[in-house]
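Structure, as structure tokens:
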């Protein structure tokens, strides 16, 4: 008897999850290299309602939602003029090593130089494999080629490796602006066909207008499903009044 | 006499089932490729009423409101462009096939991704199949041509949950696959809400019928046979 209440509630919580995903995209609208989330709904289990002597009817348990992955499309490349700002044109990620030692993938290419001259991400993670800028060479004298070769005064200092995985949708956001490799994403492999743009950053690919209209649609669906709860509650109350 | 009580009660149960189905439809108003369910109601086990004194037939009386089986309404949903290379929609009839642990299942939800093995998989990780029943490899550039996906015709489609259907399938349905698009849920919010209001009022009418019969029974049990002929 109460199934309908719960299937409506399941639908509302799935829609709430989508609103959360939209909220996350909107909050990261100006995060360098951020990719918006792909959200998917699904129906849940079905059960047979039997009534004496009749064929049964199928009743579903509502809806569920999940983030399927990320929109892989290229974000706009914006010139910043900072020689250590790097944007990736094409697929792939920079590899950085977190202070704890774990490898993280990111498309946020705002790099700097630490006290020992090594290229680091904004949070102090080292670029992996590491690249050291020698003493006496200023950031402005470093040139980074499209294939990631770092050089200064004609001397080669190393190469920035771009990597990707078989299934970027299954990379796990590590909460520090990076993504970590999981069993479902597959191991990293070198990227071919992508190149690095020096002095520029990749904007997020969040489509504001699209997100706002999706938010309105989801809010309406949420509202509608809540009327289903109201109707179910009215029916329960009518059933309760049978012996009035 | 109390037959009416049971007829009205079975009607209330049937309306509750209808309401639960409509609620499920509304909950899935955003589910790609979702098809609404409908269950018909029919009368059950009619009996012939006759006048006990003369034996003349009065007419038939149904003894129950029965559920007449559930059908899936396969009307197509709107095809919405998403720009995602691994979103697919079937325009026209047909289903995508995915291989699950329990066997091959069919879906109209084409929101796919890649697996660690580089295969095209659905949101639950089940490989999507081509027209010959083989998994589809996703090339390094991350796009799959729409023609690579198999479209199957499904007879006797029955719902499994997780956007999947089972049934007797044959390859080569008439529908064509479009990439970068998803089929929206076919739930019509206005029609579903109107249906819910209808089910609610029928439910209420049947409750009132039960109360009316109950009043008649009360009168029969307390007033019939009392000497003053009424008032109890």
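Taken together, the values in this text are just the output of simple stated rules run on the coordinates, not laboratory data. Keep in mind the model is a prediction, meaning the values are calculated, not measured. Please note: Cβ atoms are built from the backbone with ideal geometry, for glycine as well, and neighbour counts cover all protein chains shown.
Roughly how many whole Å is it from the C-alpha centroid of the range A:172-209 to that of the range B:98-152?
Cα centroid of the range A:172-209 versus Cα centroid of the range B:98-152: 24 Å apart.
Give me Rg over Rh for the range A:93-244, both radii from the alpha carbons and Rh done the Kirkwood way, two decimal places. Can you show the working numbers first?
On the way: Rg = 25.2 Å, Rh = 19.3 Å.
Radius of gyration relative to Kirkwood radius: 1.30.
Measure nothing fancy, just the Cα-based angle from helix B:189-222's long axis to the longest principal axis of chain B, in degrees from 0 to 90, nearest 10.
Taking Cα atoms only, the helix is inclined about 20 degrees.
The range A:23-37 to the range B:61-86: how many Å between their Cα centroids?
Cα centroid to Cα centroid, the span is 36 Å.
Can you give me the three principal axis dimensions of the range B:22-162 from its C-alpha atoms, in Å, biggest first?
Here the Cα extents, ordered largest to smallest, are 87, 28, 23 Å.
So for the pair residue A:102, residue A:80, with labels modelled 7 Å out along Cα→Cβ, what separation do we get in nm?
The answer from the label model is 2.5 nm.
Can you give the calculated 222 nm mean residue ellipticity of chain A, where each DSSP H run of n ≥ 4 adds -39,500 (n - 2.57) and the sum is split over every residue, rounded to the nearest 500 deg cm²/dmol?
-8500 deg cm²/dmol
Take each of the peptides B:202-212, A:218-228, average the number of other beta-carbon atoms within 10 Å over its residues, and list them starting from the highest.
By packing density, highest mean first, the sequence is A:218-228, B:202-212.
Per-residue Cβ counts within 10 Å, from other chains only, averaged over A:105-118: what number is that?
0
GNM on chain A, C-alpha springs below 10 Å: top fluctuator among A:115, A:87, A:194?
Result: A:115 has the largest fluctuation of those listed.
Considering every residue in A:163-170, what mean count of other chain Cβ atoms within 10 Å of its Cβ is obtained?
Counting Cβ atoms of other protein chains within 10 Å of each residue's Cβ and averaging gives 5.
Once every DSSP H run of n ≥ 4 in chain B is given -39500 (n - 2.57) and the sum is divided by its residues, what mean residue ellipticity at 222 nm do you get, rounded to the nearest 500 deg cm²/dmol? The partial results should precede the final answer.
Working: 2 runs with 59 residues, N = 232.
One gets -9000 deg cm²/dmol as the mean residue ellipticity at 222 nm.
Below 8 Å, C-alpha to C-alpha, sequence gap of six or more: please give me the relative contact order for chain B in percent.
Taking the mean separation of contacting Cα pairs over the length of chain B, I get 26 percent.
Along its three principal axes, how long is the range A:1-141 when you only count alpha carbons? Whole Å, largest extent first please.
Answer, in whole Å and largest first: 90, 31, 22 Å.
Starting from the Cα of residue A:50, step 7 Å along the direction of its Cβ; do the same at residue B:61; then give the gap between the two resulting points in nm.
That separation, rounded to one decimal, is 2.9 nm.
In a Gaussian network model over chain B where Cα atoms closer than 10 Å are linked, find which of B:26, B:48, B:129 has the largest mean-square fluctuation.
In this elastic network of chain B, the residue with the biggest mean-square fluctuation among B:26, B:48, B:129 is B:48.
Per residue of B:160-167, how many C-beta atoms from partner chains lie within 10 Å of its own C-beta, taken as a mean?
Mean number of neighbouring Cβ atoms from other chains: 3.
Would you mind checking the radius of gyration and Dmax of the protein assembly as shown based on alpha-carbon positions, in Å?
Answer for the protein assembly as shown, Rg first and Dmax second: 30.9, 122 Å.
In percent, how large is the relative contact order of chain A, given Cα pairs closer than 8 Å and 6 or more residues apart?
Computed over chain A, the figure is 26 percent.
Under 8 Å for C-alpha pairs, at least 6 residues apart: give me the relative contact order for the range A:87-192, rounded to a whole percent.
It comes to 23 percent, rounded to a whole number.
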